[in-house]
Structure formats: structure tokens, C-alpha cells
Amino acid sequence: MNDPIIQINELPPKYKTAAVIGGGPAGLMAAETLAQGGVSVDLYEAMPWPGRKFLVAGKGGLNLTHSEPFERFLSRYGARSRELEPYLAQFGPQELRDWIRQLGFETFVGTSGRIFPSGMKASPLLRAWLQRLTEAGVIIHTRHRWLGWDEAGALEFETPAEEKLVQADALVLALGGGSRPRLGSNAAWVPLLRLKGVRVNDLKPSNCGFDVNWSEYFHTHFEGQPVRPVVLAFIDSQGNSFRQQGEFIITRSGLEGSLIYAASALLREEIEASGWAEIRLDLAPDWSMERLVGRLAQPRGKSSTSSHLKKVAGIQGVKAGLLWEMLPKEVFQDADHLAAAIKSLPIILDAARPLEEAISSAGGISFESLDEGLMLRDLPGVFCAGEMLDWEAPTGGYLLTACFSSGRAAGQSALDWLTGIS
């Protein structure tokens, strides 16, 4: 079988063709960049319409990016900060806000520093974007599932009516990771690229929940309840540490929510290495140990332990439930030990939730398989972008920003390659 090597010819940009596979933010941005450069662009999406995961991400308010200083922003990408830096430097939070404004939408900074579009919704933004792409000449083909390449190097697609073969001068792959497969990110591309010798690191859940061995009583009474405010602290077996205040939610199987997601990469890796991970929760982050001990040591009289906890320390509901779930009864009779537990309650996490439940995925195409322009070294003319690359980041706008940024970079690199600049 021939490799899908896409040949450059001497035609000017307007006669060049590019195929973009994947209709999420990375693919749409690559298509826009190529079309603005005069290339004829066809975008292929397996789902009935593009941007389904983007729309779901915006259901509770579309968090586009974050307003923190760039160095802090860049650090959120952890081990892949260095690889992503050039793309984020070219198209980062401010450039994304400027681009949104060009679409006709203003943005604002929330109290947490997160940036949202006016109106908070994803659907008006997506509609305006698709209209602009159509006006730029991008042809969007839905219900086209990519099957790989045929023996001559043509792109193969399965559609409801037939299988199709497509030729293009350049190809941008923006197929997403492996989370939320019902929205289109089903990782079906992994074996297709591995067959071509591309190094694809195993996909893992990121921004995911974790299993805890709750008692039947606890999950029956507290499933779905938020725990806030709380500080989560964690130190892994390599000495890496995490400490952050926020909130999470009790699930039937364990824990999930923004605070858990923020620590998910460290927690997942520790469970893979050790078989389990222990987090520590400060259930009274605004209280000092001394104050808490003093209040708990007050005479209880005829009050029950639960009533006393509520009266003197404000510990009630799900926080009290966590204490009763995790501590032996005798601890509640000792103010010093009880205060220590409230300030550092141990919870054992047994496993990460499955990839298909995660918000995003880690793993993907190794950056070592790509050149600086996000072109596959062994497949000239094939560029990759978005979540199918091997990086991860917490929620808070970081995921979307890197998808937009890498999509723009891949589109620009494909354009440069087609016009012979690179």
C-alpha cells in the first residue's frame, strides 16, 4: 500500500485543494485559515452537523479562555507547555478574544478570571462562524466518516449513500480525542494512523471523575451533592504536589467536578503507578486548627455529635457525612483528632472513570512524530491539530484555546506548505 504522500504542484493557491477532517474548533479554524489563504477547502464531519462537542461544552456557559498572565496560562499545559508555546504565543487568549469580536460577539472576564462570550452561549457563535466559512467558500460535508486511505493514497469516506474517494493537495486531521464518543470523538483514527507508522500514545481519561468505595448509605444519601468550599491537597509518590480550593460533587461511584478535574492528571498517573491515590480534604478552609479545636472542645451537653458539629463549627450535611463515612466513631470524642480530620480528611481513590465519561483525553499523536508546523514527519502534507495531539489541560478555557490555536497553526502550516513557503 502506498503512503498517502500529497504532492505539491505549481498551481497558485486558489487552484490548490485541502481536505480538513473533523468539524470541531480545531478543524473549523484550520479550514478558515486555509480558505483565507485562497485554498479550495472541503471539510468532512462524521456527525450530522459540526461542532457538537463545542455546543455541549457551552451548555452551562461557554468558557472560551482565561485572563491570567501568559506564563501562568502556559503552565496549565504541564509537560507539553514547551511544545504548545509557539502556537499559543501566536494565537492565545487575547487573539482569540479579538477573533470572537470579528465574528460580532463581545467577551467578558468572569469573577474567576475565565472568559466568556456575551450571552454565554455557544450556538450563536457557531452559527456565525459556519456562515463565515460558507461565505469564504468552505464546503462542509456532514455524515462523512473517514476510513483512512486507499492503495493509491486517496481519502476514503463512508456516507449514508455510498463510499467516496477524495483527492486533495493537503490534509488537516482534527478528529478529537477519545472522550464523549457519542459526540464524535471516538478515537477511530488511532489504528488508521498507527498503520502508517505514526506514534500514537495510548488515550487516557483527563478532566475525569474517580472511583471511591462509598458505603451504600453514603452514596444513597449524598449522591449529586456539592462539597464546597473545600481545599484538596495531594502529593504523589514522586513528590509532585497539588493544593487548590474549590468544589466537587459526590457521585454514586466516587467524586467529580472542577476541583477533581484540576488534579486529574496527577491522580490518574499516581493510580497507574501505585494502584491507588490518597487525597486530603480541608473541610473548613477558613478556620485555623487552633480555632477549630477550641470550638470542638466546648461542652456538648445533651446535644448529639452531629448537632454539636453544626453548632460550633458549621459542619453539616455532606461534609458531616464525609466525616462519618471515613472516620471511626471514637475520633468524634476527641477534639484534637476530630479537628485534624476536618482539616485533612483522607479519601482513597481507586480508579479513574472510563475514557468515554471524561471531558477530555490525554495521549494522542506524539509531538516527536510532528515537525514544528504540526505536519507528520512520515506523511508529508498531512497536518494534525486539536485534542488528537498528545497534550492535556484542566477545564477553565485551556482546552478550547489550545484547540483553536493548534487548528490555526496547522491550517497556516498547510497553507505555507502548499504555496511553497516552508
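Treating only the Cβ of Lys, Arg, Asp and Glu as charged (+1, +1, -1, -1), what charge dipole size does the chain show about its Cα centre? Round to the nearest 20 debye.
Details: 41 positive and 49 negative charges, 355 e Å.
Around 1700 debye, computed over the chain.
Where Lys and Arg each count +1 and Asp and Glu each count -1, what net charge lies around GLU68 among other residues with Cβ under 15 Å from its Cβ? Kindly include the intermediate steps, with their values, before the conclusion.
Numbers: positive: ARG72, ARG76, ARG97, ARG114; negative: GLU71.
Local net charge: +3.
Kindly provide the Kirkwood hydrodynamic radius of region 188-239 in Å, to one decimal, from all pairs of distinct alpha carbon atoms.
15.9 Å
The chain: percent of C-alpha pairs farther apart than 35 Å?
Values: 32168 of 88831 pairs.
Counting every Cα pair in the chain, those more than 35 Å apart make up 36 percent.
Can you give the Rg/Rh ratio of region 210-352, where Rg is from the C-alpha atoms and Rh is the Kirkwood radius? Kindly include the intermediate steps, with their values, before the conclusion.
On the way: Rg = 15.2 Å, Rh = 15.6 Å.
With Rg and the Kirkwood Rh in hand, the quotient comes to 0.97.
Filter LYS204/LYS329; LYS311/LYS343; LYS121/LYS204 down to the pairs with a C-alpha to C-alpha distance above 27 Å, please. Before the final figure, lay out each step's value.
Details: LYS204/LYS329 39 Å; LYS311/LYS343 17 Å; LYS121/LYS204 29 Å.
Those over the limit are LYS204/LYS329; LYS121/LYS204.
Please work out the Kirkwood hydrodynamic radius for region 1-156, using every pair of different C-alpha atoms, and report it in angstroms with one decimal place.
Radius from the Kirkwood sum: 17.5 Å.
Run the quick spin-label model on PHE242 and GLN316: label points 7 Å from Cα toward the beta carbon, then report their separation in nm to one decimal.
So the two model labels end up 3.1 nm from each other.
Binning at 5 angstrom from zero up to the longest distance, how are the C-alpha pair distances of region 164-210 distributed in percent?
Bin by bin from 0 Å, the calculated values are 5, 16, 20, 25, 18, 10, 4, 2, 1.
Using the Cα centre of region 210-352 as origin and beta-carbon charges of +1 (Lys, Arg) and -1 (Asp, Glu), tell me which of LEU338, VAL230, GLY246 is placed farthest towards the positive end of the dipole.
Comparing the listed Cα positions along the dipole, LEU338 ranks first.
Between ARG72 and ARG182, take the C-beta separation as r, use R0 = 30 Å, and let me know the FRET efficiency to the nearest 0.05.
It comes to 0.30.
Mind giving me the nanometre distance, one decimal, between the label points for ILE235 and GLU357, set 7 Å out from Cα along Cα→Cβ?
3.0 nm
What lysines sit close enough to LYS16 to cross-link, taking a C-alpha to C-alpha distance under 24 Å and skipping anything fewer than 8 places away on the same chain?
LYS164
Mind listing which trypsin sites (Lys or Arg not before Pro) in region 71-176 are in a DSSP loop and have 15 or fewer other Cβ atoms within 10 Å?
Listed in order of number, the matching sites are ARG143.
Please give me, ordered by residue number, the trypsin sites (Lys or Arg not before Pro) of region 266-314 that lie in loop per DSSP and have at most 15 other Cβ atoms within 10 Å. All intermediate terms of the calculation are to be shown ahead of the outcome.
Numbers: sites: ARG268, ARG280, ARG291, ARG295, ARG300, LYS302, LYS310, LYS311; in loops: ARG300, LYS302.
Answer in residue order: ARG300, LYS302.
If each residue of separation counts as 0.36 nm, what is the full-extension length gain between GLU330 and GLN225 once their alpha-carbon separation is subtracted?
Values: separation 105, 0.36 × 105 = 37.80 nm, distance 2.64 nm.
This chain segment gains 35.2 nm when fully extended.
Out of the GluC sites (Glu not before Pro) in region 85-148, which ones are loop residues according to DSSP with at most 11 other C-beta atoms within 10 Å?
Numbers: sites: GLU95, GLU106, GLU135; in loops: GLU106.
Those satisfying the criteria are GLU106.
Taken together, the values in this text are just the output of simple stated rules run on the coordinates, not laboratory data. On a predicted model such as this, the values are computed, not experimentally measured, just so you know. Positions of Cβ are backbone-derived with ideal geometry, glycine not excepted, and every protein chain shown enters the neighbour counts.
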